[in-house]
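The block underneath contains the structure these notes are about, expressed in structure tokens.
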Amino acid sequence: MQAQLRETATELARLLWREHTVYRERDGGVVIRGEHVRRWISLSPTGGKDQARVRAGRILDGGTTAPARLEVVVDLTSGTGELAAVCRRLLAETAAEAAPSTAGTSRPARKARPAKSRPVRPGKGRHTGVGSWVILLCVGGVVALWAYSVFGGAY
């Protein structure tokens, strides 16, 4: 199955792009990278005979691959031409998802606001506040009364 995937991927790569790189994945699948179009196609075996899982995704800045955006199971006996048509559709949908859609909007997109941070007030740092000191003094008083009642009356 791996040899069949490799042959199919090589033929498919020639149909899709003039410039491409074909390599084998660790799980036995084959990846076709089109650096000039910033897209990739992956063919991996499925449990069925003569079937392959086809995934499509983008290539990010720096050459890393983004996770697959689309996935479909195809029959490898249908021919390379039909497989290329499926791959072209997946690649077109991947490109459409990557492009920002501004159809139907007349105003520009709003910029994301940075997260609000709490203002630093003078004299207010990470020090213990007055309320915390009151609680600590009360707890200390209760512990002192308990110690006096247990140990103080023995003398």
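The values are calculated or read from the model by the stated rules, or taken from the named source; none is laboratory data. Since the structure is predicted, the reported quantities are computational estimates derived from the model, not experimental observations. Heads up, the Cβs are rebuilt from the backbone with ideal geometry, glycines too, and the neighbour counts pull from every protein chain shown. Side chains included, ligands, DNA and RNA excluded: accessible areas come from the protein's heavy atoms. Shrake-Rupley method; radii C 1.70, N 1.55, O 1.52, S 1.80 Å.
Sorted on the mean count of surrounding Cβ atoms within 10 Å across their residues, most packed first, peptides 66-76, 6-16, 134-144 read 6-16, 66-76, 134-144. Each label point was placed 7 Å from the Cα along the Cα-to-Cβ direction; for Ala95 and Glu25 their separation is 2.3 nm.
Our compactness index for the range 27-98, the C-alpha radius of gyration over the empirical 2.2 N^0.38 Å, is 1.08.
With 0.36 nm allotted per residue and the present C-alpha distance subtracted, the Gln4-Thr64 stretch has 18.9 nm of extension available.
Arg38 contributes an accessible area of around 80 Å² to the protein surface, as traced by a 1.4 Å probe with all chains present. With a ≥ b ≥ c the root eigenvalues of the C-alpha gyration tensor of the range 13-52, is it rounded (a/c under 1.5), prolate (a/b larger than b/c) or oblate? The shape class here is prolate. Electrostatic tally near Thr77: other residues with Cβ closer than 12 Å to its Cβ, Lys and Arg +1, Asp and Glu -1, net -2. The stretch between Ala85 and Arg18, if pulled fully straight at 0.36 nm per residue, gains 22.5 nm over its current Cα-Cα span.
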